[in-house]
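Scroll down for the structure; my scribbles are underneath it.
The values are calculated or read from the model by the stated rules, or taken from the named source; none is laboratory data. What you are looking at is a predicted structure, and each value in this text was computed from that prediction instead of being measured. Cβ coordinates were reconstructed from backbone atoms using ideal geometry, including for glycine residues, and neighbour counts include every protein chain displayed. In case anyone asks, the SASA skips ligands and DNA or RNA and just uses the protein heavy atoms, side chains included. Shrake-Rupley method; radii C 1.70, N 1.55, O 1.52, S 1.80 Å.
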Amino acid sequence: MTVRNENCKGIPNINCKMATRCFGRLYRHLTKIPRPARNLRCIHSAAVLRTSEIDGPNFPGSRSRFVHKCEFLVPENDEGIPVYRVMRNGEIMSESEDPKLDKDTVVKMYKDMTLLNTMDHILYESQRQGRISFYMTNYGEEGTHMGSAAALDPKDMVFGQYREAGVLMWRGFTLDQFMDQCYGNMYDMGKGRQMPVHYGSKDLSFVTISSPLATQMPQAAGAAYAFKRAKNGLCVICYFGEGAASEGDAHAALNFAATLDCPVIFFCRNNGYAISTPVEDQYRGDGIASRGVGYGMTTIRIDGNDVFAVYNATKAARKICVKENKPVLIEAMTYRVGHHSTSDDSSMYRQLNEVQSFDVQSPILRLRQYLDKQGWWDDNQENQWKEQSKKDIMEAFARAEKRKRPNPEFLFTDVYDDVPPHLQKQMDEMKQHVAKYPQHYPVDNHDKMS
Ligand SMILES: Cc1ncc(C[n+]2csc(CCOP(=O)(O)OP(=O)(O)O)c2C)c(N)n1
Ligand SMILES: [Mg+2]
């Protein structure tokens, strides 16, 4: 994989005397600026003489050439940004693109992808049984998680959206930690204050998920700016969906990162939908990658279901971030195979055959083909792993379900370093209230109050 920077010649300027005159008149009319006085006009025409002598336009922010034909840029005429792919039918298509990962790494990728898949099945069903309140699956997008996570330094800071549980899994978030968070029990690091799937881990440099879309994006640009100033050799990766890219925060983040040269990888998971809104109704441009170029950012579009393409692109992007202090945008094309969340029924807005066509392009199946061809995995290992991973998940699940809920006092703590008097008063009132009406408040199910 090669990275070509500054390879775009830029949009040419039309140099047409007639157009200049017309626009000049129109501009003055709209802005009510009087015609220039005679002496000013002299200066003006002298400037025109001078600019017409130079080869290219020297307007601030333009670095292209003049053309003499009035031609618009018509996006439909463009064939679009290509999709980078490495693997086909379990084989690396071009020797130069082989990431040359060792057996242990590739097997870990496969095991984590399948473990995530099994965990998703179990937690999705547990929500349906009323055991947890909410869940979001990652079906079909496992390749974007493991491929990118494997290419990063474990200390690089991650800002996620909510559908990136595999990145945390790769870094070592345990099954117990996943389950405790989804149950919001007394061992949940978020102290039961967040909805399920809103994971976070300071130890694993994974910033806690927040529900409002795209809020993580300006934060990621800011964190990357701090990394640049600290010269710590790390980068930030910011995952977001193509739907979140429609938020104003996305623009602010991309433009700040580009103009301030922040070492951040903006990793867009373009999975075709923002809940029920298909991409056709989300934007008219060439996906999210075209916007990266518009912001002056090094950009690539990749096959997100090809874990090696994801790995190569993220590794190269990281190098650019860290070595050149520059942001990079990756648009990973994939498909959301599951419903948006447990609150959604996607059969209401898409055809089953569309989902099935992407099910067979699953990143898991594609990696399995590769493993088979390498002789690194077989049906025996598959069956053993399936059984083992299911058992591990069910055991962690059972432990989490039995654990008590968090201390109710946590309702009042952590906003301030010390609980201020007005919150202390409310906490005392709460305690007196639940002590008076124990039949209505199952405090025994919670961790003990002080
Ligand atoms: C500011 C804001 N607006 C709306 C929502 C409701 N909402 C939650 S997820 C979602 C769709 C996001 O789609 P996308 O970014 O493509 O991510 P995906 O779910 O496809 O992974 C919407 C509209 C929200 N959480 N925050
Ligand atoms: Mg989406």
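Relative to the current alpha-carbon distance between D359 and K323, full extension at 0.36 nm per residue lengthens the span by 9.2 nm. At the listed q of 0.18, 0.20 Å⁻¹, the Debye profile of the stretch 397-439, built from one uniform point per Cα, gives log10 I(q)/I(0) equal to -0.66, -0.73.
Where the convex hull is taken over the Cα atoms of the chain, what is its projected area averaged over directions, in nm²?
Values: hull surface 122.5 nm².
Reported value for the Cα convex hull: 30.6 nm².
Straight-line cross-link reach from K323 at under 13 Å between alpha-carbon atoms covers these aspartates and glutamates, not counting any fewer than eight positions away in the same chain: D261. Fraction of C-alpha pairs exceeding 21 angstrom in the stretch 99-200: 33 percent, rounded to a whole number. A simple packing score, the average count of other Cβ atoms within 10 Å per residue, orders the peptides 111-117, 97-103 as 111-117, 97-103, with the highest score first. Using 31 Å as the Cα-Cα cut-off, could you pick out the over-long pairs in K108/K448; K69/K319; K202/K404; K100/K326; K103/K390? Listed pairs above 31 Å: K108/K448; K69/K319. Only helical runs count toward this figure. For the chain, summing -39,500 (n - 2.57) over DSSP H runs of n ≥ 4 and dividing by all residues gives -13500 deg cm²/dmol at 222 nm.
If N is the number of residues in the stretch 46-146, what value comes out of its Cα radius of gyration divided by 2.2 N^0.38 Å?
Details: Rg = 26.6 Å, N = 101, 2.2 N^0.38 = 12.7 Å.
Ratio of Cα Rg to 2.2 N^0.38 Å: 2.10.
Computed from Cα atoms alone, the Kirkwood hydrodynamic radius reported for the stretch 371-450 is 16.9 Å. Against the criterion of solvent-accessible heavy-atom surface with a 1.4 angstrom probe, E429, E141 sort, most first, into E429, E141. Over the chain, calculate the relative contact order: mean separation of alpha carbon pairs under 8 Å at least 6 apart, over the residue count, as a percent. Computed value for the chain: 18 percent relative contact order.
The label point for R88 and the one for T413, both projected 7 Å from the Cα toward the Cβ, are 5.9 nm apart.
Which value, in debye to the nearest 20, gives the size of the charge dipole of the chain about its Cα centre, when Lys and Arg are +1 and Asp and Glu are -1 at the Cβ?
On the way: 57 positive and 56 negative charges, 483 e Å.
That gives the chain a dipole magnitude of about 2320 debye.
Each residue, R229 and K425, gets one label point 7 Å from its Cα in the Cβ direction; the gap between the two is 3.9 nm.
For R63 and V293, what is the calculated FRET efficiency with R₀ set at 22 Å and r taken between the beta-carbons, to the nearest 0.05? All intermediate terms of the calculation are to be shown ahead of the outcome.
On the way: r = 14 Å, r/R0 = 0.63.
Computed FRET efficiency for R63 and V293: 0.95.
Kirkwood Rh and Cα-based Rg: tell me the resulting Rg over Rh for the stretch 272-312, rounded to two decimals.
Working: Rg = 12.3 Å, Rh = 11.9 Å.
When Rh is taken as the Kirkwood radius, the ratio is 1.04.
Given 0.36 nm per residue, what is the gain on full extension from E395 to T277 after removing their alpha carbon distance, in nm?
Details: separation 118, 0.36 × 118 = 42.48 nm, distance 3.74 nm.
So the chain would gain 38.7 nm between E395 and T277.
Could you list log10 I(q)/I(0) for the stretch 172-291 at q = 0.09, 0.19 Å⁻¹, which the Debye formula gives when each Cα is one point scatterer? Result of the Debye calculation: -0.31, -1.07.
Panel note: the C-alpha atoms of the stretch 208-252, placed on their principal axes, show extents of 32, 21, 14 Å (largest first). Amide hydrogen proximity for V67: with H placed 1.01 Å from N in the peptide plane, the residues at 5 or more positions away or on another chain lying under 5 Å are N13, I14, N15. A convex hull fitted around the alpha carbon atoms of the stretch 242-291 yields 76 Å³ per residue. For the stretch 303-450, dividing the convex hull volume of the Cα atoms by the residue count gives 268 Å³ per residue.
Since only N58, N407, G375 are under comparison, the one whose Cα sits farthest along the positive direction of the charge dipole of the chain, derived from C-beta charges on Lys, Arg, Asp and Glu, is N58. With each label modelled as a point 7 angstrom along the Cα→C-beta vector, the K402-R131 pair spans 1.3 nm. Listed by chain and number, the lysines whose C-alpha is less than 16 Å from the C-alpha of K391, apart from same-chain residues fewer than 8 away, are K111. Taking the longest Cα principal axis of the chain as reference, the axis of helix 38-51 is set at about 70 degrees. Ranked by the mean number of other Cβ atoms within 10 Å of their residues, highest first, the peptides 226-238, 167-179 come out as 167-179, 226-238. Helix 363-374 and the long axis of the chain differ in direction by around 80°, with both axes built from C-alpha atoms. Length gained on full extension, Y437 to V74: 123.7 nm, using 0.36 nm per residue less the C-alpha separation.
Ordered by solvent-accessible area of protein heavy atoms (1.4 Å probe), largest first, the residues I81, I209 come out as I81, I209. How far is helix 17-31 tilted off the main Cα axis of the chain, in degrees rounded to 10, range 0 to 90? That helix lies at roughly 60 degrees to the long axis.
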